[in-house]
Amino acid sequence: MHDAAGVSLKGMVPLVLHRIVRGQTEVWEDVSEEQFRRMLDFIGERWAVFRPGGSGRDPRWMLTFDDGYLSDYDIVFPLLVERNIQATFFLITDKIGAPGYLDWAQIKEMRRHGMCFGSHSRSHRRMNTIPLAEAREEFAVSKTVIEDKLGEQVAVFSYPYGECSAQLHRAGFDVGYRYLCSSAHGIAGASGTVPRNSINSGLDWNGIERVMDPSAGTRLRWHLEDLVKHVIKGALGRERYMKWRNKAFHG
Ligand SMILES: [Zn+2]
């Protein structure tokens, strides 16, 4: 089932964003339109998507958007088209057409302009908390739904909340995905499991620049942060961890 003509991701800096907002950011995951425009200026022609041949010149950054928010169409899409940049959008198939989310007409229009679409599961449940059979269904049903609507293979999946495991990776590849994206920090390697670096409202422009162009020191800090996050999450439990994160990094 694996697509033979892959994309070389080695050395890329994959970025994950959620909602882009005009004016004040509301939640930790929001990024302002102003900061997003600066990111696009920084990227220039050096972008790539998860599709063979889908890249600008000397590609370095992969812009990805989780959840399929309406801002993907209203704010992001026109800015990308204007600059001839392509990005990857991960859809929660149960949410397509719901208020605040993309609908199929918008998705198809974006696809016609070269945007890449992947699955972000069917229902956005935490996949390592549900039985493996249900996780398989999340992988498989969402893939089929998007493939039927867009008439092309869906090769890439991003885990809700970034929560994954070796067992889930096996199931995801087994279902036919070529790339499985987490929210771990890092630079992409040659494997099909892809880290993604979060851009969020906790970062000012200098912080965003450090994520986009990470020094050796930044990479070491990422490694330590991921370790600490893992430990804090384990100690607080997921719900309390999310509350702590919102408080610690926002306002
Ligand atoms: Zn999500």
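Here, each number is a calculation from the coordinates, and none is a lab measurement. Keep in mind that this is a model prediction, so the values were computed, not measured. Glycine also receives a Cβ, built like all others from the backbone with ideal geometry; neighbour counts cover every protein chain displayed.
General observations
- Between K10 and Y161, residue separation times 0.36 nm minus the direct Cα-Cα distance comes to 52.0 nm.
- Those residues of region 182-211 whose amide nitrogen sits under 20 Å from the label point placed on D74, 7 Å along Cα→Cβ: 200-201
- Highest GNM mean-square fluctuation among T25, T88, T64, for the chain modelled with Cα contacts below 10 Å: T25.
- A Förster distance of 45 Å, applied to the separation of the beta-carbon atoms of E134 and D58, puts the FRET efficiency at 0.60.
- For the chain, the normalised intensity computed at q = 0.08, 0.10, 0.16 Å⁻¹ comes to -0.28, -0.45, -1.30 (log10 of I(q)/I(0), Debye sum over alpha carbons, equal scatterers, no solvent).
- Selected from V228, V175, V27 as most flexible by GNM, with the chain as the system and alpha-carbon contacts under 10 Å: V228
- Centroid-to-centroid separation of region 167-181 and region 56-105 [C-alpha atoms, Å]: 22 Å
- Taking label positions 7 Å along the Cα-Cβ direction at both N206 and W104, the computed distance is 4.9 nm, reported to one decimal.
- Label-reachable residues, region 8-24, where backbone N falls under 17 Å from a point 7 Å from T218's Cα toward its Cβ: 11-17
- Cβ charges +1 (Lys, Arg) and -1 (Asp, Glu), total dipole of the chain, debye: 560 debye
- Region 202-249 versus region 107-158: alpha-carbon centroid distance in Å: 27 Å
- Listed residues T144, T218, T193, most fluctuating in the chain (Gaussian network, C-alpha, under 10 Å): T218
- Links that overshoot a 30 Å alpha carbon limit, given the list K95/K243; K108/K229; K108/K247; K10/K95; K10/K229: K108/K229; K108/K247; K10/K95
- Once the chain from Q24 to N246 is taken as fully extended at 0.36 nm per residue, the excess over their C-alpha distance is 78.4 nm.
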